[in-house]
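Since the structure comes first, as structure tokens, the remarks are kept for the end.
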Amino acid sequence: MTDPSVAISGEGLLVPPPTRNLGQGLRNIADYGLTVYPDAIDADTLSAARDALYRAASSDAKRQRAVKFSLDYGEDDSNARVWNVLSRDPVFEELAFSPIAIAYVKALLGWPALLGNISANITGPGGGEMQLHADQIFVPEPWPANPQGLNVAWCLDDFTDANGATRFVPGSHKLNRAPREDEAGVETVPMEAPAGSAVIFESRVWHKTGFNRTADVRRAGVFAWYTTPIYRPQENWFLSLKPEVRQFASEDALTLLGWRSEGLGLVNGASPA
Ligand SMILES: O=C(O)CCC(=O)C(=O)O
């Protein structure tokens with residue numbers, strides 16, 4: 001089966017309506033691979049996170065530390081990625097350790113789980129799209145029957161078709177494999193969502209950053225990536241995290257960062273204290 005739009009549901013590329021209900025959100029993820037949680041952050045947090053992110057991106061650019069991404073995550077002058085936002089401003093702790101995100105992580109992945117990475121993608125005018133992918137590309141195929149990770153995308157700007165909203169192949173998680181090279185061009189649908197929404201998607205659903213076709217609109221999204229605890233986090237928190245984050249972290253946050261654990265990541269056979 002090479003055409004996921006046929007494999008999925010026969011209904012075309014539909015996305016589920018937004019919901020704040022966890023049960024409905026989990027059903028959406030089971031059916032479509034994704035769900036949208038509207039108004040997931042209050043206006044003050046949204047504005048603080050947006051300011052902090054654009055400040056960090058501009059500081060990176062001034063210091064020639066900007067990280068670009070596009071098709072191959074490399075060669076695009078308009079799009080920018082900001083890694084490890086947890087160490088850039090305390091407001092990002094509210095996203096990484098948000099009760100909404102943690103509820104989905106516990107329900108979908110179980111507990112303990114790990115925060116693999118939290119970074120931001122800013123699309124810029126004319127910015128290219130990313131390669132179609134599933135997030136658990138590091139899991140050898142055949143994949144287990146359950147998702148090994150979960151992504152919570154925090155929309156800090158409105159995500160629109162024109163400004164490069166993340167594009168999905170809804171239902172593609174049911175194929176339980178990564179897209180093949182000859183499937184890079186399959187039909188996708190933009191997940192349009194107002195600023196302040198969280199787009200929550202499981203690790204097997206195919207997706208990519210969309211083209212930014214605007215003349216002057218940027219699109220900032222913070223992507224918090226969580227996995228079951230058998231995977232090494234993408235970010236090496238023990239080396240990269242600002243000490244203050246750990247110092248004031250909740251027990252759930254310490255678990256997500258690997259400073260509390262069960263079974264793996266122990267110190268002398270026990271969870272780090
Ligand atoms: O920027 C986006 O919309 C998607 C980002 C993504 O899929 C990634 O960074 O792996």
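Comparing 212, 173, 256 along the charge dipole axis of region 165-273, the residue lying farthest to the positive side is 212, per the Cβ-charge model.
Counting lysine pairs in the chain that sit 8 or more residues apart in sequence, or on different chains, and whose Cα atoms lie under 30 Å apart gives 9.
Here 182, 42 are placed in order of increasing Cβ neighbour count within 10 Å, fewest first, which gives 182, 42.
Of all complete DSSP H helices in the chain, those with a Cα span along the helix axis of 18 Å or greater and a mean Kyte-Doolittle hydropathy of -0.5 or more are 43-62.
Across the chain, C-alpha contacts under 8 Å between residues 6 or more apart give a mean separation that, scaled by the residue count, equals a relative contact order of 26 percent. Considering helices alone, the calculated mean residue ellipticity of the chain at 222 nm is -7000 deg cm²/dmol, with DSSP H runs of length four and up weighted by -39500 (n - 2.57) and normalised per residue. Taking label points 7 Å from Cα along the Cα-to-Cβ direction, residue 271 and residue 64 give a separation of 4.6 nm. Extending 7 Å from Cα along the Cβ direction at residue 111 and again at residue 264 yields two label points whose distance is 1.9 nm.
Taking a ≥ b ≥ c as the square roots of the eigenvalues of the Cα gyration tensor, an a/c ratio below 1.5 marks region 4-257 as rounded. Region 191-250 and region 118-162 have Cα centres lying 8 Å from one another.
Any read-out appearing in this document is the output of simple, stated calculations on the displayed coordinates, not a laboratory observation. Quick caveat: nothing in here was measured; it's all calculated off a predicted structure. Methodologically, a virtual Cβ is constructed for each residue, glycine included, from the backbone with ideal geometry; neighbour enumeration extends over all protein chains shown.
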